[in-house]
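Report on the structure given below.
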Ligand SMILES: [Zn+2]
Ligand SMILES: [Zn+2]
Ligand SMILES: [Zn+2]
Ligand SMILES: [Zn+2]
């Protein structure tokens with residue numbers, strides 16, 4: 001479960017990365033920033049560290065998560081923070097127009113759900129805050145390296161079968177060769193991508209891949 005630091009390009013374990021990033025993140029500006037760690041609630045092998053401006057809105061964080069890990073067909077999403085839900089398309093509920101600085105505090109854990117049907121759930125934790133300077137609203141600090149997923153034959157897996165995944169068949173990952181012979185049909189297969197939404201709905205990878 002190693003990942004790469006985007007600041008110095010070195011690799012660290014998931015546990016070591018939080019500590020390592022502290023060596024880079026010093027107060028060096030006057031914009032309040034949150035360091036947030038994100039991982040798959042049920043797929044902790046997918047993880048990210050990001051830095052985001054405290055004056056960014058929840059919808060900015062939602063958009064970033066969609067872009068890197070989630071978006072397949074514009075499903076609804078929501079955050080749950082301190083027992084309160086914030087929805088992407090509110091119908092009487094709270095929306096995502098709140099600034100992060102108003103709803104987040106250091107060491108707080110919160111959740112994100114994308115798609116209320118075939119959902120992908122993420123856990124987020126505010127690691128720390130600082131005052132610094134970044135160009136964009138949000139930047140990636142570190143990301144897990146793609147897990148080494150193998151086809152039943154031992155080759156590197158390139159494809160996942162969403163039908164076999166849902167039915168919890170023994171083998172749902174395939175290399176190019178074995179994909180051609182898969183009984184559900186080659187057209188059904190989705191690419192193996194570095195995301196907790198791999199193989200779900202029509203997910204084919206994010207803008208950052
Ligand atoms: Zn580094
Ligand atoms: Zn979808
Ligand atoms: Zn299948
Ligand atoms: Zn194979």
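Miscellaneous remarks
- Unit Cα scatterers, Debye sum, the chain: log10 I(q)/I(0) for q = 0.08, 0.13 Å⁻¹: -0.31, -0.76
- For the chain, modelled as a GNM whose springs connect Cα atoms under 10 angstrom apart, the maximal fluctuation among 92, 185, 40 occurs at 92.
- Using just its DSSP H runs of length 4 or more, each adding -39500 (n - 2.57), the chain gives a mean residue ellipticity at 222 nm of -3500 deg cm²/dmol after division by all residues.
- Based on Cα contacts under 8 Å between residues 6+ apart, the chain shows a relative contact order of 25 percent.
- Each part reduced to its alpha carbon centroid, the range 94-108 and the range 21-53 end up 15 Å apart.
- Computed extension length for residue 131-residue 9: 41.6 nm, one decimal, from 0.36 nm per residue of separation with the Cα-Cα distance subtracted.
- Full-stretch length increase - residue 150, residue 180 - with 0.36 nm per residue and alpha-carbon distance subtracted: 9.2 nm
- Between 22, 99, 137, the Gaussian network model of the chain with springs among Cα atoms under 10 angstrom shows the greatest mean-square fluctuation at 22.
Every read-out reported here was derived from the displayed coordinates using simple, explicitly stated rules and does not represent laboratory data. Computed from a prediction, not measured in an experiment: that's the story for all the values here.
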